[in-house]
Structures are given as C-alpha cells and as structure tokens.
Amino acid sequence: MQALLFLMALLLPSRAGAEEIIGGVESEPHSRPYMAYVNTFRRKGYVAICGGFLITPQFVMTAAHCSGRRMTVTLGAHNVRKRECTQQKIKVEKYILPPNYNVSSKFNDIVLLKLKKQANLTSAVDVVPLPAPSDFAKPGTMCWAAGWGRTGLKKSISRTLREVELRIMGKKACKIFKHYKDSLQICVGSSTKVASVYMGDSGGPLLCAGVAHGIVSSGRGNAKPPAIFTRISPHVPWINRVIEGK
C-alpha cells in the first residue's frame, strides 16, 4: 500500500505546483541539459507532472505510468514557472510502451515519447547517453537523481530543478516492497541520510558516471528510502528498435 500511495504521489497535479527532491540541493541552472519537464493532460482539467530526459533530438524517456493521450515536454528549463529564453516546449506526437509493461507490478515502467519536432540542441538542451545492454549498475555505486519533486511530505514547493546524490543498494533493501525484481529494477537510497525522490519526480533519470541507468518508478508512502527505479539496460535493444523505426 505504501508503494501505491507513493506512486500516486509521484504524479503531481500541476495546480498543486512542482515540488522537490528530498535531501538534495538546487541544480546549477542548465547544468543538466537532458532534463525534461513532462505534462500529461488528463480528464477534467487534471494535469500530471513528471520528469523525463532527452535521449535523441526527437525522443524523451520517462516512466510508463506518466503516459497519456495528450502530452507536452519542456526542455531547457530550470525554473518551470518562468518563460526562460532557453526553454523549448514541444508536443508529443505519440508514446511507445514496451510490450511487457506490467501496470500492477510496475515492472518495465518505461516509455518513449516521440516529439512532434526535433529539439534544437543547445548548451541548455542536450541528450544523455544510455548504458549498454550488458551494463548492470551494481550496489554501492553512487549516482545522481534530479527533478522538480518535493523536499518532504509537507514542504513548500520549489519551481527550480533540484538534484540529490543516492547510492544503489542491494536487492535485500527492497524486500519491503511487494514487487521488486533486480534484473528489471534498481533499489536506490542513501544509507547515511534521508535522501530520496518524491512527488513530481516520476520519470526522471538516475545518472551514474554520466550515464542514465534508471528511471524513477515508485517507492514508500512516507518518502523514506529506498525507492525503486526502472533499470534501463535490459530495454536498450527495444529502445534502439523504436528509435530506428523498426
């Protein structure tokens, strides 16, 4: 139940404001040019907010549970409440889910968003590399997550991108979750401090040595670590086929 509540919280309605990473710091403006701010327009005026990241000039990667019929992506943003000259707002032409996405377990929680037009690559908008299919991010590795999610359960909102350093944990740490599979997911947290992803962070990347290894997927309702990230490396062959139009 905690994981379900956390997942629901990760999809933050825009009228509540974009909120922050827990235990992190504000990013240097445009220091993470691959970051994408994703809006999914749903029924009755509800707009879900997620993170995402640019992997080619025309494809953004995010979590499958962030997808919907009408979506827009803002690239080159730091403060999402300002009209920064670096920003590029692009509509999503279509989203492509993997054939084995499981809604209940959140296994394979990954989706590719094909943009209606290619992004213009600049110093504030750029792509991030993906791992090789055999590249398995291991426990003990220090990585970074970034997003526009909350800093705490009752903290005030921030409009700027934030980031936090997190450690990949062993699979035993994620036995608290009903569904966890180490071959498809990454158990992520901090063993020394309360640091995690939370409301509004779904779909954002986990960067290890400059490579996107994971996607924010789900976690605990109380926002304490660990959290679950979708492991990207098993999906790389499928990602390449989609990008190549096969």
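Cβ separations smaller than 6 Å between residues 6+ apart or across chains give the following pairs from segment 212-228 residues that are farther than 12 Å from residue 176 by Cα to residues that are modelled with pLDDT of 90 or more and surrounded by fewer than 22 Cβ atoms within 10 Å (Cβ to Cβ): 212/128; 212/130; 213/131; 213/137. Does segment 131-138 contain any residue that is surrounded by fewer than 19 Cβ atoms within 10 Å (Cβ to Cβ), in contact with a strand residue (DSSP E or B) (Cβ under 9 Å, 6 or more places away or on another chain) and closer than 17 Å to residue 49 by Cβ? No, because not a single residue in segment 131-138 is surrounded by fewer than 19 Cβ atoms within 10 Å (Cβ to Cβ), in contact with a strand residue (DSSP E or B) (Cβ under 9 Å, 6 or more places away or on another chain) and closer than 17 Å to residue 49 by Cβ.
Looking at segment 148-175, which of the residues that are at pLDDT below 90 and buried (at least 22 other Cβ atoms within 10 Å of the Cβ) is farthest from residue 54 (Cα to Cα)? My answer is 150. Mind checking which residues of segment 220-246 are of a type outside the set (A, V, I, L, M) and within 13 Å of the chain's Cα centre (by Cα)? If the condition is that a residue be of a type outside the set (A, V, I, L, M) and within 13 Å of the chain's Cα centre (by Cα), then 229, 230, 231 are the ones that fit.
I'm trying to understand the selection: among the residues of segment 89-106, which are within 17 Å of the chain's Cα centre (by Cα) and either surrounded by 22 or more Cβ atoms within 10 Å (Cβ to Cβ) or not in a loop (DSSP other than H, G, I, E, B) (or both)? Passing the criteria: 92, 95, 96, 106.
Against the test of being among the aliphatic types (A, V, I, L, M), in a loop (DSSP other than H, G, I, E, B) and either more than 20 Å from residue 237 (Cβ to Cβ) or more than 19 Å from the chain's Cα centre (by Cα) (or both), the options 137, 124 yield a single qualifying residue, 124. No other residue among 122, 74 is in contact with a Pro (Cβ under 9 Å, 6 or more places away or on another chain), hydroxyl-bearing (Ser, Thr, Tyr), surrounded by 13 or more Cβ atoms within 10 Å (Cβ to Cβ) and farther than 15 Å from residue 229 by Cα apart from 122. Counting just the residues of segment 206-237 that are among the β-branched types (Val, Ile, Thr) and at pLDDT below 95, which one comes out surrounded by the most Cβ atoms within 10 Å (Cβ to Cβ)? Top of the filtered list is 216. Residue 82 fulfils the conditions (1) touching a residue at least 40 places away in the same chain (Cβ under 8 Å); (2) in contact with a strand residue (DSSP E or B) (Cβ under 8 Å, 6 or more places away or on another chain); (3) of a type outside the set (S, T, N, Q) except for a single criterion, (2). Taking segment 23-70 and the strands (runs of 3 or more DSSP E) fully enclosed by it, the elements with 3 or more residues that are modelled with pLDDT of 95 or more and within 24 Å of residue 99 (Cα to Cα) are at 47-56, 59-62.
The values are calculated or read from the model by the stated rules, or taken from the named source; none is laboratory data. Note that the structure is predicted; figures quoted are calculated from it, not measured. Reconstructed Cβ throughout: ideal geometry from the backbone, glycine too, with neighbour counts over all protein chains shown.
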